[in-house]
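The values are calculated or read from the model by the stated rules, or taken from the named source; none is laboratory data. Everything numeric in this text was worked out from a predicted model, so none of it was measured. Cβ: placed from backbone, ideal geometry, glycine included. Neighbour counts: every protein chain shown.
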Amino acid sequence: MTGMLDTAIRVRPAEPADGPEIRAVVKRAFGRCREAELVEGLRTDGDLALSLVADIVGLAVVGHVGFSRLAIMREAGEVGALALAPLAVLPGWQRRGVGGALVEHGIAACRRTDAAAIVVLGDPAYYPRFGFSAAAAATLSAPFKGAAFMALELRPGLLAGGGRLRYAPAFGIAAPA
């Protein structure tokens, strides 16, 4: 885990009462409402498999990460996976280890599920430190390609079989044909 994380910050599962604070954090982190609406849509649809917050103990939420259900579709059937999106940290708390702690706690929790992999569309300079790589995502058919589209196998060798990704409806992304 990152060494810069303030000891007054804790990472915990999000609770229903955190909704307004999560919306505010995501909106401020991205400077717009689209990502906050995504989190709310995933939650409303029941597709948010894991939602974690970083908070200042007893005061306020300063970060959030969501992992939503994602299907890897193959001829033999679907394989369950997760999409990491979005990761949001209040601007004043960025570059202090909050985002890293959220991602690390999230990956650890995802490893305890039956998910085969996690995919992310994000900064290619940031996510590889957690094990994500564009090479791991290269076998997947998705509307994304390139260095920013990355995957992390939770079950080694599973992504070698490829497949088409089907994101949760809140993303508004059609599955590739």
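Total residues in the range 145-161 satisfying the condition of being of a type outside the set (Gly, Ala, Ser) and surrounded by fewer than 17 Cβ atoms within 10 Å (Cβ to Cβ): the figure is 3.
One line per residue, one yes/no per condition, for (1) outside any loop (DSSP other than H, G, I, E, B); (2) modelled with pLDDT of 95 or more; (3) in contact with a helix residue (DSSP H, G or I) (Cβ under 8 Å, 6 or more places away or on another chain); (4) among the hydrophobic types (A, V, I, L, M, F, W, C):
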site	(1), (2), (3), (4)
Arg28	yes, yes, yes, no
Gly58	no, no, no, no
Ala81	yes, yes, no, yes
Leu87	yes, yes, yes, yes
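Of all the listed residues (Arg155, Arg69), the sole one being without any contact (Cβ under 8 Å) to a residue 40 or more places away in the chain and either touching an Asp or Glu at 6+ places or on another chain (Cβ under 9 Å) or not in a strand (DSSP E or B) (or both) is Arg155. No other residue among Ala101, Ala136, Ala108 is in contact with a helix residue (DSSP H, G or I) (Cβ under 8 Å, 6 or more places away or on another chain), over 14 Å from Val26 (Cβ atoms) and part of a helix (DSSP H, G or I) apart from Ala136.
Each residue in the range 72-89 was checked for being surrounded by fewer than 22 Cβ atoms within 10 Å (Cβ to Cβ), in contact with a Gly (Cβ under 7 Å, 6 or more places away or on another chain) and aliphatic (A, V, I, L, M), and 2 pass. When Ala54 is tested against (1) farther than 24 Å from Leu140 by Cα; (2) assigned to a helix (DSSP H, G or I); (3) in contact (Cβ under 8 Å) with a residue 40 or more places away in the chain; (4) of a type outside the set (Ser, Thr, Tyr), exactly one condition is not met: (2). The residue pairs whose first member lies in the range 125-138 and is touching a residue at least 12 places away in the same chain (Cβ under 8 Å) and under 20 Å from Gly162 (Cα atoms), whose second member is in a helix (DSSP H, G or I) and hydrophobic (A, V, I, L, M, F, W, C), and whose beta carbons are closer than 6 Å, counting only pairs six or more residues apart or on different chains, are Ala136/Leu159.
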